[in-house]
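Step one of this worksheet: look at the structure below.
The values are calculated or read from the model by the stated rules, or taken from the named source; none is laboratory data. Model, not experiment: these values are computed from the prediction. Note: accessible area is taken over every heavy atom of the protein model, side chains too, but ligands, DNA and RNA are not part of it. Shrake-Rupley method; radii C 1.70, N 1.55, O 1.52, S 1.80 Å.
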Amino acid sequence: MRIIAPSLLAADFGNLHSELRAIADTRAEWLHIDVMDGVFVPNISFGFPVFSAVKKASDLFMDVHLMIVNPQKYAARFVEAGADMVTFHLEAVDNPRECIDAIRRAGARVGISIKPKTPAAALAGILPEVDMVLIMSVEPGFGGQAFMPEAIDKVCKVREMVRGAGLDTMIEVDGGISSANAGALFAAGADVLVAGSSVFRAADYREAINEMLEAQ
């Protein structure tokens, strides 16, 4: 499986509707939305009103990445606003199953994310309970950072864990994604790549996405 999920964080907010129309004319299947609270990460991004407006303007699968403390308190509201997948950080919770249950009850698919310094082994006990693992290939909080190549090895390790457990858990990678590393990440076992600057700073969004999908 190869899916590109353009990250709305890199879009031109002054022309958001036209940006969404342009993405709809590409092979992108998902739209990635980063929610940041200024506490778990040192930045603040989208709230419910913006997300609801985006949902009305786009038919893409809504991939919502919560980089917030106490994600279990807000997960259901994002699902009610239209999220198809809600991903929270393992590092942000004491009891990940509480958040997983909140998302499931609200009717969305569940993702769990780990920061660059968190080892793949930290997922061992929770892997069977989630639909997707999001591996951060930059420190979460800001777009435009350089890709950390060690993420490729982490993708391999998580893919081995998924196969070894007989699961069909998806693997997503976020941070510094471009056609220069997309091929290696897909080959390592990634299913979904989140691409921000490499899409929204490109002269041709369709071409940029095609290059990543077809990278070897």
- Would you mind getting the accessible area per residue of the chain, heavy atoms of the protein chains only, 1.4 Å probe, in Å²? 43 Å²
- On a C-alpha basis, how far is the centre of the stretch 189-209 from the centre of the stretch 105-173 in Å? Whole number, if you could? 19 Å
- Task: At a Cα cut-off below 29 Å, give the lysines reachable from residue 115, other chains included and same-chain residues fewer than 8 away excluded.
- Result: 55, 73, 154, 157
- Item | Solvent exposure, largest accessible area first (probe 1.4 Å, DNA, RNA and ligands not counted), of 65, 17 | 17, 65
- What's the Cα-based Rg to Rh of the stretch 56-114, Rh via Kirkwood? 0.96
- Which whole number in µm²/s is D for the chain by Stokes-Einstein, with the Kirkwood Rh taken over Cα pairs at 20 °C and 1.002 mPa s? 126 µm²/s
- Per-residue ellipticity at 222 nm attributable to helices in the chain (runs of n ≥ 4 DSSP H, -39500 (n - 2.57) apiece, nearest 500 deg cm²/dmol) works out to -10000 deg cm²/dmol
- Note on the structure: Rounded to a whole number, the Stokes-Einstein D of the stretch 91-216 in µm²/s (Kirkwood radius over Cα pairs; 10 °C; 1.306 mPa s) is 104 µm²/s
- Note on the structure: So, relative contact order of the chain in percent, Cα under 8 Å, 6 or more apart, is 21 percent
- Out of 176, 189, 166, a Gaussian network model of the chain with alpha-carbon springs under 10 Å gives the largest mean-square fluctuation to 166
- Query: Could you list, bin by bin from short to long, the percent of Cα-Cα pairs of the stretch 40-145 in 10 Å steps?
  - Reply: 15, 49, 32, 4
- Item | Fraction of the pair-distance distribution of the stretch 89-132 above 15 Å, Cα-Cα pairs, percent | 37 percent
- Carbon and sulfur: what percent of the stretch 100-205's accessible surface (1.4 Å probe)? 51 percent
